[in-house]
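Participant: Could you have a look at this structure, given as structure tokens, before my questions?
Any read-out appearing in this document is the output of simple, stated calculations on the displayed coordinates, not a laboratory observation. Since we're looking at a predicted model, the values are computed, not measured. Backbone-built Cβ (ideal geometry, glycine too); neighbour counts: all protein chains shown.
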Amino acid sequence: MKARNIASNSTENSQFNRDIIKLAAKIEHLEGMSTREAISLWITIMAEALKAQTFNALSSVDPVYRKKFDEHEAKYLSHYKRLRHPKEVGEIVSEMMAKLVIAMEDRPGDMLGPLFMEAFSNARLGQFFTSTSLSDFIAQSTLPKTDEEIGDVPYITALEPACGVGGMVMSAHKILNERGIRASTRVVWTAVDIDKMAIDCAYIQMSLGGVSGIVVWGNTLSQEVFDSWPTITLVLTRPGLARSLLKIKKEEE
């Protein structure tokens, strides 16, 4: 897949997409990868780094999660060990992640959806991702308009059973914050998807976006759970709930 095809077909977040494609092309040149493979490497490394960070924080509350930290740190490092130019690729990956963080600060919401749609989505599998504008419209039409509507409860739970890269979750989080509702503490999400690359994108966006929740790689229809990870916001704000949700998901496997 040519880099220009991914960039030119994306109508949303176009400058961000172009920046990521240019950086992915550098990895492509260094490692002899396709643009798709370079973007996949970036997403996987980011996801493993964030998971390791999150389980490291959770292990300070419950040492049993130290094993999960070790597992994700090992996966993170293993990707660099397979590269011919790990130092150079590591610098590029760091720059790509910095651009994502800045883009999400400047424009809260789904930054990876348009990129993922062009690079990875598979219509034959029924993968069609909701645009940011439509996700925003649905969130505006259905979510509480005030904190009082949520009621006198510590938080409410929300389920996204086919979350893709987390676009609907990110729109909901953004709209609630715009309405003066502290979404990071008032809503706890469970986001599920069967596609590993998509769910890693969802984990990245939810983690960097301050969403509180548990992200599940699994099949909603068959209720199979392959793995699950809390976001760092959930661990920092409700560590006990993070442990409970992880225990529930583990029992469902």
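Participant: Greater than 25 Å separation of Cα atoms is the criterion. Which listed pairs, Lys67/Lys99; Lys75/Lys99; Lys51/Lys99; Lys51/Lys81; Lys145/Lys247, meet it?
Facilitator: Table pairs above 25 Å Cα-Cα are Lys67/Lys99; Lys145/Lys247.
Participant: Mind computing the radius of gyration and Dmax over the alpha-carbon atoms of segment 130-234? Å is fine for both.
Facilitator: 13.2, 37
Participant: Counting alpha carbon pairs within less than 8 Å and at least 6 residues apart, what relative contact order, in whole percent, applies to segment 148-251?
Facilitator: The value is 24 percent.
Participant: I've got another one for you. Report the rotationally averaged projected area of the chain based on its alpha-carbon convex hull, in square nanometres.
Facilitator: 13.6
Participant: Per the Kirkwood definition applied to all pairs of different Cα atoms, how many angstroms is the hydrodynamic radius of segment 10-89?
Facilitator: With all distinct Cα pairs of segment 10-89 included, I get 14.0 Å.
Participant: In addition: Which of Asp193, Asp147, Asp136, Asp106 has the fewest other C-beta atoms within 10 Å, and how do the rest follow up to the most?
Facilitator: Listing Asp193, Asp147, Asp136, Asp106 from fewest to most nearby Cβ atoms yields Asp106, Asp147, Asp136, Asp193.
Participant: Can you give the convex hull volume per residue for the Cα atoms of segment 28-169, as a whole number of Å³?
Facilitator: 167
Participant: Using Cβ contacts closer than 10 Å as the measure, can you line up Leu23, Leu115 from fewest to most?
Facilitator: Leu23, Leu115
Participant: Still on this structure: Taking the chain as a Gaussian network, Cα atoms linked when under 10 Å apart, which of Ile214, Ile194, Ile150 shows the biggest mean-square fluctuation?
Facilitator: Taking springs between Cα atoms under 10 Å, the residue moving most is Ile150.
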